[in-house]
Every structure is written in C-alpha cells, then in structure tokens.
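One structure is given below, encoded as structure tokens.
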Amino acid sequence: MPRYPGPVVRTGAPHLVVVTGTAPDPDLRPGDRLVRVPVGGDPAALLERVLPTLVTGTRLLVTGPETAVQAVRAAALRGGALDEEIVLVPTDAGDAVRDRTVHCGHCHHRSVVHADIGDAVVCPGCGLVLHLAGHHSRRLAAFLGAPTTQQAP
Ligand SMILES: [Zn+2]
C-alpha cells in the first residue's frame, strides 16, 4: 500500500510544486516554482521539459488525485529524480473507494477503476476479473490486479 506522510514537513529547499487536475494550489514559498498538469495531461512530457531547468537540491511536491500524483512520481523517477526528493500529497487518499490505477497481472493493461483494495474489477484489456491487491508499484504507478475467481462487480 502506498503510504503518505501526515502533515507535510518541508525542508528549506526550493520545491517544484506540481499541481495535478483540479487540486488547489498549496502554499508557495520563495524559490518555489508552480507547474500544473491538467486533467488527462502528460506528466512525463512536462517533467522532461522542467526537470533539467531546476536548481540542484530542488525537491518535488506533488498534489492531486492519487492516480495523478503516482503517475508524476513514476515519471520523475524515470527522469532521474530520487524518491527521497519527492513528496506526494494526494487529495483523495482518505477515501477507501477512490480512483485507482490497476495493472493487470495477466495482460499488463493499465486502467483506472473506482474501487477499494480487495474489490473485484474487470480488466478492459483482457476481460478477466481481477482482485485489486494492496500491492502498489512505484515504477508502474499502479496497484496489482491479479486474475481471480471472485465474482465480477
Ligand atoms: Zn488484463
């Protein structure tokens, strides 16, 4: 399960603040830079442009729905950022039933479902019923969906 810190403790370092979807802007400090990833936007393309322009020591603060902040983190890691430089502030992590990105363990298709851990969801890639596991991959930015004999929702 992804874990998120409670109240965000920020260091004195400047932050690249990435706001995804319709999340409200967090408080900015001097030296911070704000960028927005619109709903359906491509965080990888944005970070490819922005990461090389950052001052060494800049950290990332990412806020928005979990599916989006996890996608930004995966793109940042691919872009060379370190996990300890990234702070995620998902706006919906308190909701057990929420949008979750699921990676099908059978056909490797990735989709977003509105579900809780342990629910059965149908993979739009192969049509199998998947058990939405608590295991979350940082690299894939997705929960694992394992084929199951559970009843489809
Ligand atoms: Zn599948």
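The values are calculated or read from the model by the stated rules, or taken from the named source; none is laboratory data. Predicted model, so just to flag it, every value in this text is computed and none were measured. As a convention, Cβ positions derive from the backbone with ideal geometry for all residues, glycine included, and neighbour counts pool all protein chains shown.
Residues are listed down the side, and each one gets a yes or a no for (1) surrounded by 15 or more Cβ atoms within 10 Å (Cβ to Cβ); (2) over 15 Å from T91 (Cβ atoms); (3) outside the structural domain of V69 (by TED's automatic domain parsing):
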| position | (1), (2), (3) |
| --- | --- |
| P2 | yes, no, yes |
| P5 | no, no, yes |
| G21 | yes, no, no |
| P26 | yes, no, no |
| P30 | no, yes, no |
| L34 | no, yes, no |
| G40 | no, yes, no |
| V50 | yes, yes, no |
| V55 | no, yes, no |
Subject >> Residues that are among the hydrophobic types (A, V, I, L, M, F, W, C) and in contact with a Ser or Thr (Cβ under 9 Å, 6 or more places away or on another chain), drawn from the stretch 25-46 >> reply: V37, V39
Original post:
For the subset of the stretch 100-153 comprising residues that are among the polar types (S, T, N, Q) and part of a strand (DSSP E or B), which member is farthest from the ligand (Cβ to nearest atom)?
Top reply: S137
**OP:** State which residue is farthest from V39 (Cα to Cα) when the search covers only the stretch 110-123 and only residues that are surrounded by fewer than 20 Cβ atoms within 10 Å (Cβ to Cβ) and under 17 Å from the mean Cα position of the chain (by Cα).
**Re:** I117
Subject >> Options L77, L61: the member that is closer than 16 Å to G21 by Cβ and either assigned to a strand (DSSP E or B) or aliphatic (A, V, I, L, M) (or both) >> reply: L61
**OP:** Report whether or not P90 is under 18 Å from P38 (Cβ atoms) and either touching a helix residue (DSSP H, G or I) at 6+ places or on another chain (Cβ under 7 Å) or of a type in the set (A, V, I, L, M, F, W, C) (or both).
**Re:** yes
